[in-house]
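The values are calculated or read from the model by the stated rules, or taken from the named source; none is laboratory data. This structure is a prediction, so every number in the text was calculated from the model and none was measured. Cβ coordinates were reconstructed from backbone atoms using ideal geometry, including for glycine residues, and neighbour counts include every protein chain displayed. We work out accessible area using only protein heavy atoms, side chains counted, and drop any ligands, DNA or RNA first. Shrake-Rupley method; radii C 1.70, N 1.55, O 1.52, S 1.80 Å.
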Amino acid sequence: MPDALQFPIIDLSFPDRFSIANLIRQGCVDHGFFYLVNHGVDEELISKVFEQSSNFFSLPIEEKMKLVRKNHRGYTALYAEKLDTTLTTEGDSKESFYIGPLADDLNQWPLEEDLPSWRSTMETYHQKLLSAVTKLLSLIALSLKLEEDFFEKVGALIEPLAFIRLLHYPGDLNSSSEEIFGASAHSDYGMVTLLVTDGVPGLQICREKSKQPQVWEDVPSMSGAFIVNIGDMMERWTNGLFRSTLHRVLQPRQDRYSVTIHPLLFTCSVISCVICSWGQKIEMLHSLQILAKTVLWNVWKAVALSLVHQDSHP
């Protein structure tokens, strides 16, 4: 039986930030995953979020469908999504609810009389998570040998797009002959993802996604910790130094709840290029928004120059 995966544990309260940044670098290079503790989000608040999530998903389907997803906010029903489009199954065995940036008034909310304090709980959680993400980004900058406030200086934290996703994987589904996943194999598209689960197992990663046959390893949960993984955008920024690791969720034997946040640092419609090899030029990206173009260019340029410097000074 293979040994359990060992991810670095990143403590946001640890005073030696350079040591923590080096641990982040190790986790991002080796696995694309690490644990985050002492993140500033209270256990009591996390418990309330899981309770309110369960309350919503326990509603009759006709009530949930009143908040069906639009503008990337709201409810997505069971089997409505399939993250691995190569599969022939009908869809992933999960239902979800999306909550986007709080300032744009596009979010959908259950009525207060139906689910008291539901909206206020989610709004508080959203704000707390953004605070934790901001602290984490400064350490990620250090891990790339950049200045600690790099992302703030280039304007990456101006009106960030951050989406919370409440997830429910029912455990009482009828079994069939075909293999169905709670969430089929995929990598995340953004910069980083922060995940918290209710402790029910099911998350797996494949460290070598291009090799066949694929080898899948269980990711153990850690009480009080977020599981953090690198997304495709960060992998591209670092020219593959940091991994955006393939992962999936098995169909559970009992109900499983989790909550993710996918922070994007800016509004960007099209990304048309990535960092070239370390000693080569960086191509300009094409974006439909000037702010996004400026931020992305500054991020890519600084990360690439840092990598070039490291490559020439072993």
Problem set entry | Residues of the stretch 245-285 satisfying the condition of being of a type in the set (S, T, N, Q), at pLDDT 80 or above and open to solvent by 30 Å² or more (accessible area, probe 1.4 Å) | 251, 254
For this session: Please list, ordered by first then second residue, the pairs with beta carbon atoms under 7 Å, 6 or more apart or interchain, first in the stretch 139-158 and of a type in the set (Gly, Ala, Ser), second at pLDDT below 90 and not in a helix (DSSP H, G or I).
Result: 141/147; 156/265; 156/266
Problem set entry | Search result, residues across the stretch 231-244 that are buried (at least 21 other Cβ atoms within 10 Å of the Cβ) and in a loop (DSSP other than H, G, I, E, B) | 231, 238, 242, 243, 244
Exercise. Exactly one of (1) within 24 Å of residue 137 (Cα to Cα); (2) at pLDDT below 95; (3) surrounded by 13 or more Cβ atoms within 10 Å (Cβ to Cβ) is unmet by residue 223. Its number?
Worked result: (3)
Exercise. Before we move on, is residue 52 touching a Ser or Thr at 6+ places or on another chain (Cβ under 6 Å), open to solvent by less than 60 Å² (accessible area, probe 1.4 Å), under 28 Å from residue 186 (Cβ atoms) and in contact (Cβ under 8 Å) with a residue 12 or more places away in the chain?
Worked result: yes
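On the given criteria, is residue 150 within 21 Å of residue 70 (Cα to Cα) and either of a type outside the set (Asp, Glu) or modelled with pLDDT under 90 (or both)? Explain how you work it out, then say what you get.
Working: within 21 Å of residue 70 (Cα to Cα): no; either of a type outside the set (Asp, Glu) or modelled with pLDDT under 90 (or both): yes.
No: the conditions fail for residue 150.
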For this session: Could you list all residues from the stretch 105-125 that are under 20 Å from residue 71 (Cα atoms) and either free of Cβ contacts under 8 Å to residues at least 60 places away in the same chain or surrounded by fewer than 17 Cβ atoms within 10 Å (Cβ to Cβ) (or both)?
Result: 105, 106, 107, 108, 109, 110, 111, 119, 123
Seminar exercise, completed: Restricting the stretch 160-200 to residues that are within 18 Å of the chain's Cα centre (by Cα), surrounded by fewer than 19 Cβ atoms within 10 Å (Cβ to Cβ) and not in a strand (DSSP E or B), the one modelled with the lowest pLDDT turns out to be 160
Exercise. With 228, 215, 249 as the choices, which residue is β-branched (Val, Ile, Thr) and either assigned to a loop (DSSP other than H, G, I, E, B) or over 27 Å from residue 170 (Cα atoms) (or both)?
Worked result: 215
